[in-house]
Amino acid sequence: MSAVHRIVAPAVPDLPSASWSNGWRIGDEVVLSGMTAHPASRDAAAAGQPLDTYEQTLRVLGKIAALVEAAGGHRHNITKTVVYVTDIADKDAVGRA
């Protein structure tokens with residue numbers, strides 16, 4: 001059986017009350033799930049300057065890269081991502097990021 005390790009990245013802290021982890025390393029594989037732009041997008045909205053889709057996507061991609069690097073990998077090691085958008089009109093902004 002492969003060893004399972006929680007990924008810890010200072011740039012992507014787990015919430016103190018979280019019952020989940022941002023990512024796991026299972027053997028030679030890294031598994032991430034549920035990445036969002038929070039808390040940056042929530043903080044920006046509270047300040048009256050909400051992040052647009054492009055900026056939110058950049059935040060998410062940055063979090064993914066930080067977690068993969070903390071696990072010993074590089075963003076070029078990523079083999080699959082699944083992206084969901086709530087408005088299909090935002091797909092071009094996501095793709096541009």
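Quick look at the numbers
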| read-out | value |
| --- | --- |
| Filter result for Leu67 (at pLDDT 95 or above and in contact with a strand residue (DSSP E or B) (Cβ under 6 Å, 6 or more places away or on another chain)) | yes |
| Residue tally, condition surrounded by fewer than 18 Cβ atoms within 10 Å (Cβ to Cβ) and closer than 16 Å to Arg25 by Cβ, over the range 59-79 | 9 |
| Selection within the range 1-58 - in contact with a Pro (Cβ under 8 Å, 6 or more places away or on another chain) and over 22 Å from Thr81 (Cβ atoms) | Ala44 |
| Helices (runs of 4 or more DSSP H) contained in the chain and holding at least 2 residues touching a residue at least 24 places away in the same chain (Cβ under 8 Å) | 53-70, 91-96 |
| The range 33-58 - residue that is closer than 13 Å to Asn22 by Cβ and under 10 Å from the mean Cα position of the chain (by Cα) and, of those, surrounded by the fewest Cβ atoms within 10 Å (Cβ to Cβ) | Gly34 |
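The values are calculated or read from the model by the stated rules, or taken from the named source; none is laboratory data. All values reported here derive from a predicted model rather than from experimental measurement. Using ideal geometry, Cβ is built from the backbone for each residue, glycine included, and neighbour counts are taken over all protein chains shown.
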